[in-house]
Amino acid sequence: MKISLNWLRDYVQLDASVEEITRAITFLGFEVEGVAHTGAPPLANVVVGEILTRAKHPNADKLSVCTVDVGPAGGVKTIVCGANNCDAGRRVLVALPGAILPGNFEIKQSKIRGQLSDGMMCSPDEIGMGSDHAGLLILDGQPAPGTPINAALPAGDTVFDLEITPNRPDCLSHLGIARELAAWYKLPLLYPQEKFRGVIDESVANALRPDLLAGVRVDAPEDCPLYTALIVTGIKIGPSPAWMQNRLMAVGLRPINNVVDVGNYVMLETGQPLHAFDAHTLGGNQIVVRRAADGEKITTLDGKERALNSGMLVIADASRPVVIAGIMGGENSGVSEDTTDLVLECAFFKPQSIRWTARKLGLHSDSSHRFERGVDPHSSLEAACRAVDLIIETAGGSAAGPAYRLGGDVPWKREIVVTHGYICEKIGFEIPEADMRAAFESLELTVTREEPTGQRGTAWTVDIPSWRDDLDRPIDLVEEVLRLYGTERIPAALVSSPGLSGDDDPVVLFERRVTEYLVGHDFHECVTCTLRPAREVLTWTSQAAAAELALANPFVEDQSHLRPTLITGLLESLKLNQSRGVPAARLCEVGRIFVEQNGQNFECAAVGFIIADPMGDRAWLKREPADFYATRHHVCALAAAAGVDIAGEVLKPVTEQYFGWQEGHAACAGEMALGWTARFGLLNLAMVNALGVEGKVYGGIFAILPAKLTGAATRRRFSDFGLFPAALRDLALVVDRTTPAADVQQALAKAARAAAGNAFAVESVSLFDVYTGAGLPDGKKSLAFALVFRSTDRTLTDDEVSVAFQRIQDELSKNFPCQIRK
């Protein structure tokens, strides 16, 4: 929000320096992002000159030789000029020899293409007044030759660029900031006085023009609780006065015409957006405030056609929408050079409705910025009357009727009771009662009742004005008192506070442990964007799950969904590193993801990693490349950091339901019913290739519900090791090629434990060979397992192990579809 100091001085007589005002605004709670100065800076030896003659330079086609009268500053000078507008009779600014212009550029007498030049005629940018270098600055008003620049040009302005917090929409205006500064400096605030009295003005009652506006209807009162429409007739469109143009330009707005400029001026003065319609362009002489129809279209002032829906509020005439309510007018909704009669709109729109529509359309304006935060409906009529006064002053004409005000002004009444003791208790030191009451009254917070309350001091009943909707609790008044008293006046004191000891959140502890593990295994930690594009999310989830993860109003198209995995971000980082020739083939990340299970998304704490083929690795000793078992090892270690033992879990091969993984070369374990899930193995080759990543990429991800994390990792405890030798047996089983080895291993381990009973232990059952060659029936494979038996109290005999081994074979032959391979 840009605030003009000259404009502020219309409402409060500020004599303080710019530095003091900047400090005051900061201590009042508003960040000053910048201070800019307009107008010409103080310049010596720069004066007004009158061009007497202009002749072509004898040695240059694009230069002119001019004689210029600079009056008492030096008489008639000969100056070489390259501008196209150095015509005789014009008054310009002349920098004489010795002048130092912005940029430390010193003017000297010199020869230009053989012609002596006694100075320089100046363009606006050469004297620090903008960036226009198209020609000389031509002076209006015919100031006398020799007049110094700072006497000839209007005084400049100081413009503050402020950051206004969302809870203070009343300060999105010059009056709002003036009110704050008046309270700070304890000065009176001067409000503009309206001559027009709105719906009760006699001019409205005596000059009815139903042919211009026959009716106003509000079909969506929940989104537009208050709507005012006033008529002004007999106006003449033209430029606005110089004083108004200067103020608008100072705060960054381009003057357009007197009516449009008045609307902008009143908005910046009071904070109330307005809109002026050409009365003759309203179809049916009607205004209807309604919801748009689905698919209805409007071309806005920026020339873009926008599709609307039934959730958006529009201002329409009898046949079509002409304004997107509170945001932007339609292409032909405003006034033009031919406008003679207008309808002025002043309304209060529900902030949530304007905010939703603006986000949905990706359309932001000065009006929507104010309506989204909330304008004061109780002062809207004053803003409308102020605009009518200024329109009549700058464009002529007169007010006419009928005047419409629909919705009614709901009476405003809010009082807060606060005591002197309560305020002192909250701020931690004493402030005199008189200072507190003075702070309330300087902010126009009227004290309507005052009564003693014993030890807590005086109790004040404070009436809150309608523009301070942010004040609704006693603690809010504490802040107001402290702002006005001055935070720099808080006395220094020792702060004593009990120390609170506590453990880090279990999610933080888990992320710290897994990061330390992966970085210790030569992984590079990454931090990628948590929002992903729709096309990518559909690679990892179903359409139903992706729809749940979609943002209602994404800022950019490629950040439209919450991420269902960490792998995609890591692949993106891998591609970037490969394209830059950076040998970073092992990447990892921790963060939140949304895991789909049985059509439902679960938010989980997760850790993921990828291992790519090293590109351009010219080491003398080649390391063994990563494979499925390497990813399994890392995932087991990561799960252990969360207290989960994957080693004892049954692994399932991935199928098409597990998106992003290469079927037959990846596995999964766990499910969200247990509170965790893990997937690891080879990433889908087609997906990796489509992303532009070279080579094969293995990866793994472990995700767990935050509620399942306890903060304690699985600790390995000592267990006795056997002092007696183990007994070894090998067993080869012929099964269907489609039978997973894990299923066979699980059945064999179960049979082995049953056969051994309590006599001794089955220490391990491990697969050591897979055979599919000659000698086997079609569609079969041979899986060879090593079984290890051991007793803790004796050496096993061959006979007792053989008996158990035979029982195992008998059990498998009877209850499992396999053949014993001899």
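When you scan segment 140-189, how many residues do you find that are of a type in the set (S, T, N, Q) and under 30 Å from LEU443 (Cα atoms)?
Narrowing segment 140-189 to residues of a type in the set (S, T, N, Q): 142, 147, 150, 158, 165, 167, 173.
Applying the additional criterion that residues be under 30 Å from LEU443 (Cα atoms) yields 158, 165, 167, 173.
The total comes to 4.
State the number of residues belonging to segment 6-31 that are outside any helix (DSSP H, G or I) and open to solvent by 30 Å² or more (accessible area, probe 1.4 Å). Spell out how you get there, then give the answer.
Residues of segment 6-31 outside any helix (DSSP H, G or I): 9-17, 28-31.
Now drop any that are not open to solvent by 30 Å² or more (accessible area, probe 1.4 Å), which leaves 9-10, 13, 15, 17, 29, 31.
Result for segment 6-31: 7.
Among the residues of segment 366-420, write down those that are assigned to a helix (DSSP H, G or I), under 30 Å from GLU480 (Cα atoms) and open to solvent by 20 Å² or more (accessible area, probe 1.4 Å).
ASP366, SER367, HIS369, ARG373, PRO377, HIS378, SER379, LEU381, GLU382, ARG386, HIS420
How about segment 117-142: which of its residues are closer than 17 Å to VAL70 by Cα and surrounded by fewer than 16 Cβ atoms within 10 Å (Cβ to Cβ)?
Residues satisfying the conditions are ILE138, ASP140, GLY141, GLN142.
Say whether the condition of being assigned to a strand (DSSP E or B) and either open to solvent by 70 Å² or more (accessible area, probe 1.4 Å) or in contact with a Lys or Arg (Cβ under 7 Å, 6 or more places away or on another chain) (or both) is met by at least one residue in segment 752-760.
Checked against the condition, which is being assigned to a strand (DSSP E or B) and either open to solvent by 70 Å² or more (accessible area, probe 1.4 Å) or in contact with a Lys or Arg (Cβ under 7 Å, 6 or more places away or on another chain) (or both), segment 752-760 yields no hits at all.
Quick grid of which residues meet (1) under 30 Å from VAL288 (Cα atoms); (2) surrounded by fewer than 19 Cβ atoms within 10 Å (Cβ to Cβ); (3) at pLDDT below 95:
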{"position": "SER173", "(1), (2), (3)": "yes, no, no"}
{"position": "GLU194", "(1), (2), (3)": "yes, yes, yes"}
{"position": "LEU208", "(1), (2), (3)": "yes, yes, yes"}
{"position": "LEU213", "(1), (2), (3)": "yes, no, yes"}
{"position": "ILE256", "(1), (2), (3)": "yes, yes, yes"}
{"position": "VAL266", "(1), (2), (3)": "yes, no, no"}
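Specify which of the listed residues (GLY569, GLY520) is under 23 Å from ILE704 (Cβ atoms) and in contact with an Asp or Glu (Cβ under 7 Å, 6 or more places away or on another chain).
On inspection, the qualifying residue turns out to be GLY569.
Which one is nearest to ALA88 (Cα to Cα) among residues in segment 32-51 that are open to solvent by 20 Å² or more (accessible area, probe 1.4 Å) and not in a loop (DSSP other than H, G, I, E, B)?
Out of the qualifying residues, it is GLU50.
This table checks each residue for (1) in contact with a strand residue (DSSP E or B) (Cβ under 7 Å, 6 or more places away or on another chain); (2) within 21 Å of GLU589 (Cβ to Cβ); (3) surrounded by fewer than 20 Cβ atoms within 10 Å (Cβ to Cβ); (4) of a type in the set (Lys, Arg).
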{"residue": "ALA640", "(1), (2), (3), (4)": "no, yes, no, no"}
{"residue": "ALA647", "(1), (2), (3), (4)": "no, no, yes, no"}
{"residue": "PRO653", "(1), (2), (3), (4)": "yes, no, yes, no"}
{"residue": "GLY664", "(1), (2), (3), (4)": "yes, no, yes, no"}
{"residue": "PHE680", "(1), (2), (3), (4)": "yes, yes, no, no"}
{"residue": "LEU683", "(1), (2), (3), (4)": "yes, yes, no, no"}
{"residue": "MET687", "(1), (2), (3), (4)": "no, yes, no, no"}
{"residue": "GLY692", "(1), (2), (3), (4)": "no, yes, yes, no"}
{"residue": "GLY699", "(1), (2), (3), (4)": "yes, yes, no, no"}
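Among ARG468, ARG473, ARG483, which is basic (Lys, Arg), under 37 Å from the mean Cα position of the chain (by Cα), surrounded by fewer than 16 Cβ atoms within 10 Å (Cβ to Cβ) and farther than 30 Å from PRO241 by Cα?
One residue alone meets the criteria, ARG473.
More than 24 Å from MET249 (Cβ to Cβ) and part of a helix (DSSP H, G or I): which single residue out of ALA183, ALA144 fits that description?
Working: ALA144 fails: part of a helix (DSSP H, G or I).
None of the other options fit; the residue is ALA183.
When you scan segment 345-362, how many residues do you find that are of a type in the set (A, V, I, L, M, F, W, C) and open to solvent by less than 10 Å² (accessible area, probe 1.4 Å)?
Adding up the residues that qualify gives 5.
So, PHE105, is that one of a type in the set (Phe, Trp, Tyr), within 20 Å of ALA183 (Cα to Cα), within 47 Å of the chain's Cα centre (by Cα) and surrounded by fewer than 21 Cβ atoms within 10 Å (Cβ to Cβ) or not?
It is false that PHE105 is of a type in the set (Phe, Trp, Tyr), within 20 Å of ALA183 (Cα to Cα), within 47 Å of the chain's Cα centre (by Cα) and surrounded by fewer than 21 Cβ atoms within 10 Å (Cβ to Cβ).
Could you check, for segment 726-737, whether at least one of its residues is free of Cβ contacts under 8 Å to residues at least 12 places away in the same chain and open to solvent by 20 Å² or more (accessible area, probe 1.4 Å)?
no
For the structure I just gave you, tell me whether ALA703 is at pLDDT 90 or above, among the aliphatic types (A, V, I, L, M) and within 56 Å of the chain's Cα centre (by Cα).
Working: at pLDDT 90 or above: yes; among the aliphatic types (A, V, I, L, M): yes; within 56 Å of the chain's Cα centre (by Cα): yes.
Answer is yes for this residue.
Of the conditions (1) assigned to a strand (DSSP E or B); (2) in contact (Cβ under 8 Å) with a residue 12 or more places away in the chain, GLY664 clears all except one; give me its number.
Exception for GLY664: condition (2).
Can you go through LYS696, LYS652 and tell me which one is among the basic types (Lys, Arg), out of contact with any Lys or Arg (no Cβ under 8 Å at 6 or more places or on another chain) and over 20 Å from LEU571 (Cα atoms)?
LYS652
Out of (1) surrounded by 20 or more Cβ atoms within 10 Å (Cβ to Cβ); (2) assigned to a loop (DSSP other than H, G, I, E, B); (3) in contact with a Cys (Cβ under 7 Å, 6 or more places away or on another chain), the odd one out for ALA626 is which?
(3)
The values are calculated or read from the model by the stated rules, or taken from the named source; none is laboratory data. Just so it is clear, the structure is predicted and the values come from calculations on it, not from any experiment. Using ideal geometry, Cβ is built from the backbone for each residue, glycine included, and neighbour counts are taken over all protein chains shown. Keep in mind that these areas ignore ligands, DNA and RNA; they rest on the heavy atoms of the full protein, side chains included. Shrake-Rupley method; radii C 1.70, N 1.55, O 1.52, S 1.80 Å.
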